[in-house]
Amino acid sequence: MAGAAAGPVGASVMTPGALGAAPRGAGTLSATATSIPGPSGIKVKGGALANAATGRILWSLDLNTERPIGSIVKVMTALVVIKAGDLDRTITVPKSVIAYLKSQDQPSTAGLIPGDKLTTQELLEALLLPSGCDAAYTLAEAYGPGLNAFIAKMNAEATHLGLTGTHFSNFDGMPWPSEYSTWSTPANLLTLGRYAMRYADFRAIVGQSAYALPAGDGHHAYQWQNSNPLIGTYAGATGIKTGDTKAAKNCLLFEAERGGLTLIGVTLGTPGDDIADTGPVATKVLNWGFARF
């Protein structure tokens, strides 16, 4: 469906005085539709904004509609790895990653060099900042072990979190087996994002503008920039992840804190030629939220 301006039929807004459901596990979400107009001047296919502490939905558009989400998938990839632990583990970038990247249509990479030995922590930096599909492949092979086993763990974690509108067919958000083989909803992504941001290791990575890894014993030097257009430009931005494919368009799961209030939001299907196009959209959604709640 064509991108819709936020605030029309299908969008809902919660009144400032409405009560959200009590958090449980990843945190439940609640919303009360009113006639308050939502953020204006944006075009997205779906989205939502919530109080990150309580899970209370403040605005939504097609909250429970399943859509492709691109590399936002890597939030779950990171979560599975972090929960498995042993972040000091040394992993060798496999040679098979070259063939995998060649099989995909313009994958984002961290420029990993096969044979380099990196820790899990370093690979998470490569996964979440430049959205490295090579890092996702390396981590999935190691922590599955094997790709299929790792994807099964991702779906098991989704079930554990109650993400009934989410399914993973891959570990990096690339359009395989097809553009529509992996999907989620704005509601599910807010739940996933809230849960992931409770892990200090995850939160520390996605809040950085960049990460530099000097050359060391067993690996080359790397420099990774955060693809999130809000980090370093929007006051109070704390994360979390970009995503884009031809079907998903430009997507952003984001969080920011101001004056003791933390908001988490997601926008799916933003039109444009670059992931940076999500920045002005997310800015308008956050500014709307902070001004009203």
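The values are calculated or read from the model by the stated rules, or taken from the named source; none is laboratory data. None of these values were measured; they are calculated from a predicted model. Note that we place each Cβ from the backbone using ideal geometry, even for glycine, and neighbour counts take in every protein chain shown. Accessible surface areas use protein heavy atoms only, side chains included; no ligands, DNA or RNA. Shrake-Rupley method; radii C 1.70, N 1.55, O 1.52, S 1.80 Å.
Quick notes on this structure:
- Lone qualifier among Ala78, Ala84 - being buried (at least 24 other Cβ atoms within 10 Å of the Cβ) and either under 25 Å from Arg198 (Cβ atoms) or touching a helix residue (DSSP H, G or I) at 6+ places or on another chain (Cβ under 6 Å) (or both): Ala78
- Residue in the stretch 227-271 that is least open to solvent (accessible area, probe 1.4 Å), counting only those that are of a type in the set (Gly, Ala, Ser) and out of contact with any strand residue (DSSP E or B) (no Cβ under 9 Å at 6 or more places or on another chain): Gly260
- Among (1) at pLDDT 95 or above; (2) under 19 Å from Thr164 (Cα atoms) - the single one Thr28 does not satisfy: (1)
- Test set (1) farther than 24 Å from Lys246 by Cβ; (2) open to solvent by less than 40 Å² (accessible area, probe 1.4 Å); (3) touching a strand residue (DSSP E or B) at 6+ places or on another chain (Cβ under 6 Å) - Ser71 fails condition number: (1)
- Taken over the stretch 258-276, residues that are in contact (Cβ under 8 Å) with a residue 40 or more places away in the chain and more than 16 Å from Gly46 (Cβ to Cβ) amount to 5.
- Top-ranked residue of the stretch 92-135 - restricted to ones that are in contact with a Gly (Cβ under 7 Å, 6 or more places away or on another chain) and under 21 Å from Gly70 (Cα atoms), ranked as most open to solvent (accessible area, probe 1.4 Å): Thr109
- Within the stretch 189-223, the set of residues being charged (D, E, K, R) and in contact with a helix residue (DSSP H, G or I) (Cβ under 6 Å, 6 or more places away or on another chain) comprises Asp201 only.
- Verdict on Thr164 being of a type in the set (Val, Ile, Thr) and touching an Asp or Glu at 6+ places or on another chain (Cβ under 9 Å): no
- Among (1) over 18 Å from Gly162 (Cα atoms); (2) buried (at least 20 other Cβ atoms within 10 Å of the Cβ); (3) modelled with pLDDT of 50 or more; (4) over 17 Å from the mean Cα position of the chain (by Cα), the one test that Met14 misses: (3)
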